[in-house]
Amino acid sequence: MRVAFNTLGCRLNQFETEGMRHRVGEAAYETVPFEDEAEVYVINSCAVTARAEQKCRQLARSIRRRRPQARVVIAGCYAQLSSQRLMQSGEIDAVLGNEEKRNLDAYLERIVAGEAVQEAAPYRRGAKMASEWIDDFGAFSRATLKVQEGCDLRCSFCTIWKARGPSRSRVAREVVQQAQRLALAGYEEIVLAGVHLGHYGRDLQPATSLSELLDMLLELVHEGVRFRLSSIDPSEVDLPLARRLIEEPRLCRYLHLPLQSGSDSVLSRMRRNYQVQEYAGLVRDISAIDPGFGFGVDLITGFPGESDEEFSDTLDLMRRLPVSFYHVFRYSEREGSAAERLPGKVPGSVAARRSELLRALGREKKRDFLARHAGSIYDGVVESTAGSGGEREIMLDDYATLLAPVDASLERRRVRVRADNVDVRGLLHGTLLHATEGSAA
C-alpha cells in the first residue's frame with residue numbers, strides 16, 4: 001500500500017507529518033511523494049485561518065479528481081475542530097484528530113477497506129505529551145523538533161487551544177535523544193518548536209524550563225549542531241535568555257515574538273498578556289546589547305473594532321522598532337472563538353489595505369537589515385533551495401537568507417560566509433569561506 005503526505009501550516013505539523021511517515025514506514029507501508037499515485041493521501045491540516053481550511057478542502061478535491069479510487073484522509077487541527085462537517089462533505093474518507101493521527105498506521109487497513117473513519121476525541125484533563133520519533137526531516141535542510149504541545153492561553157482570536165489541548169511538555173531526556181538522532185542524520189540546525197514554547201517544562205515532574213533544556217542539549221548533542229527557538233510569547237522572554245542566545249555560538253541570535261497589534265486597546269480585546277511598552281522595551285533592550293540581533297513579528301489587521309487610530313499605533317510602532325521579518329495576517333474569524341462575538345467588524349478591503357501598508361514597511365525594514373550585513377562574517381546552514389546562477393540559500397543565525405555559490409554536497413551543513421551586497425531585488429549575496437569543523441554526521 002502506498003501512502004502520500006501533504007503538510008499545511010506550522011512547524012509542529014511538519015514534525016508530526018514526519019512522525020506519521022516514520023510510523024507508516026515501520027509498519028511496512030510504502031510512502032511516496034504527494035504528486036505520485038497512492039492508495040491513501042493524508043493531508044496534515046491547519047485551522048489557524050479560514051484560508052488554511054479552504055486550501056485543505058481544495059487539496060482534497062484535487063485528489064478526488066485526479067485519483068477517484070484513492071482514499072483521502074484529513075488529519076490534524078482542522079480535523080480536530082470540524083470532524084463532523086468534513087465527513088458530511090462527501091469528499092473525505094477519514095478524519096483523524098491530533099492525537100489519533102499519531103497512530104495513522106493502525107487505521108490504514110480500515111480506511112482502505114472503505115470504512116468511514118471519524119476519530120477526533122476531546123482532550124483529557126491531565127493528558128501527557130505523546131512520544132514521537134523521527135529519523136529524518138524529509139526535504140528540509142534544517143530539522144524541527146517538537147518539545148511542547150498545547151496552550152493554556154486564551155487569546156480571543158484563536159481556537160488552537162481547542163485543537164491541541166492543554167500545555168504539556170516532552171521530557172528532556174527524550175528531547176535530547178531525538179536531537180541526537182537528527183544530528184546523526186546530518187542535520188546541523190535544529191529548531192525547537194511548540195505551541196507555547198515558553199511554557200516548556202512547567203508541567204513536568206520535577207518542573208524544568210526552556211533554559212534548562214538548552215543546557216542539556218548543548219552538553220549532550222554533538223557540538224556541530226546549533227539550535228534555534230521557534231515562535232515564543234514575548235511575556236516569556238527575558239534578558240538573561242536573550243543574552244544566552246547572543247553569547248552562545250550554538251544558539252541562533254533570533255527571536256520570533258508575535259505582537260499582533262501595536263495598540264494596547266486592541267491587545268486587551270485580543271486577551272494578550274502584555275502591553276506595547278513591555279514589548280517595545282524588550283526589543284530595544286536586546287538590540288542595545290546586540291544591534292544585529294534578528295527579530296520576527298506576527299501582526300493581525302482588521303481585528304474587530306480596530307480603528308484607524310489603533311492601526312496607526314501599530315504602523316508607527318513598527319517604524320520605530322528594529323524588527324525585520326514581518327508575518328502579516330488579515331483577521332480571520334474562527335468559529336467558537338471569543339472574538340467571534342465582538343462588535344465592530346472591519347471591512348475586508350480595509351483590513352487588506354492595512355496589511356499591505358505593513359508588508360510594504362516590512363519589505364523596507366528587511367532590505368535595510370540585510371544591507372547592514374555587508375562586509376561581516378556569519379555562521380549559516382546551507383539550504384536545499386537553489387537560486388539562480390548556481391547559488392544556494394544559506395540561513396544565517398539571525399534568520400537572514402544569503403545567496404552564495406555553494407556545492408550541493410554541503411546541504412544541511414554549517415558554513416562560514418561573508419556577506420557582500422544586496423542586489424536591486426533586495427537579495428543578500430555573499431561568499432563561502434569554509435564549512436565548520438566537527439560535522440555531526
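The values are calculated or read from the model by the stated rules, or taken from the named source; none is laboratory data. Just so you know, these numbers come straight off a predicted model, no measurement behind them. No Cβ is skipped: glycine too gets one built from the backbone with ideal geometry, and neighbour counts run over all protein chains shown.
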- So which residues in the stretch 89-109 are surrounded by 13 or more Cβ atoms within 10 Å (Cβ to Cβ), over 17 Å from LYS162 (Cβ atoms) and among the charged types (D, E, K, R), if there are any at all? GLU91, ASP93, ARG102, ASP105
- Please give the number of the condition SER307 fails out of (1) hydroxyl-bearing (Ser, Thr, Tyr); (2) under 24 Å from CYS155 (Cα atoms); (3) surrounded by 15 or more Cβ atoms within 10 Å (Cβ to Cβ). (3)
- When you scan the stretch 181-225, how many residues do you find that are surrounded by fewer than 16 Cβ atoms within 10 Å (Cβ to Cβ) and among the hydrophobic types (A, V, I, L, M, F, W, C)? 5
- Query: Can you name the residue in the stretch 351-369 that is crowded, with 16+ Cβ neighbours inside 10 Å and of a type in the set (A, V, I, L, M) and, of all such residues, is nearest to the chain's Cα centre (by Cα)?
  - Reply: LEU358
- Query: What tally of residues in the stretch 163-193 results from selecting those that are closer than 30 Å to GLY336 by Cβ, in contact with a Leu (Cβ under 7 Å, 6 or more places away or on another chain) and not aliphatic (A, V, I, L, M)?
  - Reply: 1
- Counting only residues in the stretch 177-195 that are touching a Phe, Trp or Tyr at 6+ places or on another chain (Cβ under 9 Å) and either small (Gly, Ala, Ser) or modelled with pLDDT under 95 (or both), the one nearest to SER384 (Cα to Cα) is identified as ALA185
- Task: Tell me which residues, restricted to the stretch 272-292, are buried (at least 21 other Cβ atoms within 10 Å of the Cβ), in a loop (DSSP other than H, G, I, E, B) and of a type in the set (Phe, Trp, Tyr).
- Result: none
- Query: Within the stretch 299-323, restricting attention to residues that are under 24 Å from the mean Cα position of the chain (by Cα) and among the hydrophobic types (A, V, I, L, M, F, W, C), which residue is farthest from TYR279 (Cα to Cα)?
  - Reply: PHE303
- Can you tell me which residue among LEU81, LEU86 is surrounded by 21 or more Cβ atoms within 10 Å (Cβ to Cβ), without any contact (Cβ under 8 Å) to a residue 24 or more places away in the chain and not acidic (Asp, Glu)? LEU86
- Out of (1) in contact with a Pro (Cβ under 9 Å, 6 or more places away or on another chain); (2) over 30 Å from PRO249 (Cα atoms); (3) not aromatic (Phe, Trp, Tyr), the one SER337 does not meet is (1)
- Query: If you take the residues in the stretch 205-230 that are in a loop (DSSP other than H, G, I, E, B) and without any contact (Cβ under 8 Å) to a residue 12 or more places away in the chain, which one is nearest to the chain's Cα centre (by Cα)?
  - Reply: SER209
- Give the residues of the stretch 318-334 that are closer than 17 Å to PHE369 by Cα and not polar (S, T, N, Q), sorted by residue number. MET318, ARG319, ARG320, LEU321, PRO322, VAL323, PHE325, TYR326, HIS327
- Message: If THR314 satisfies all but one of (1) out of contact with any Gly (no Cβ under 9 Å at 6 or more places or on another chain); (2) over 26 Å from ALA143 (Cβ atoms), what's the number of the condition it fails?
- Response: (1)
- Query: Which residues, counting only those in the stretch 155-171, are crowded, with 21+ Cβ neighbours inside 10 Å and under 28 Å from VAL381 (Cα atoms)?
  - Reply: SER169, ARG170
- Note on the structure: Looking across the stretch 1-42 at residues that are of a type in the set (A, V, I, L, M, F, W, C) and under 15 Å from GLY76 (Cα atoms), the single one that is nearest to the chain's Cα centre (by Cα) is CYS10
- Message: Looking at the stretch 238-268 only, could you name the residues that are buried (at least 21 other Cβ atoms within 10 Å of the Cβ) and either outside any strand (DSSP E or B) or at positive phi (or both)?
- Response: LEU245, CYS252, ARG253, LEU257, LEU259, GLN260, SER261, GLY262, SER263, VAL266, LEU267
- So, of the residues in the stretch 370-411 that are surrounded by fewer than 14 Cβ atoms within 10 Å (Cβ to Cβ) and within 13 Å of LEU433 (Cα to Cα), which turns out to be modelled with the lowest pLDDT? ASP407
- Does at least one position in the stretch 116-125 carry a residue that is surrounded by 14 or more Cβ atoms within 10 Å (Cβ to Cβ) and among the basic types (Lys, Arg)? no
- Among what's in the stretch 329-352 and is in contact (Cβ under 8 Å) with a residue 12 or more places away in the chain and part of a helix (DSSP H, G or I), pick the residue that is nearest to PRO304 (Cα to Cα). ALA339
- Message: Checking the structure you have, find out if any residue of the stretch 37-54 is over 19 Å from CYS158 (Cβ atoms), surrounded by fewer than 18 Cβ atoms within 10 Å (Cβ to Cβ), in contact with a strand residue (DSSP E or B) (Cβ under 6 Å, 6 or more places away or on another chain) and in the same structural domain as GLU91 (by TED's automatic domain parsing).
- Response: no
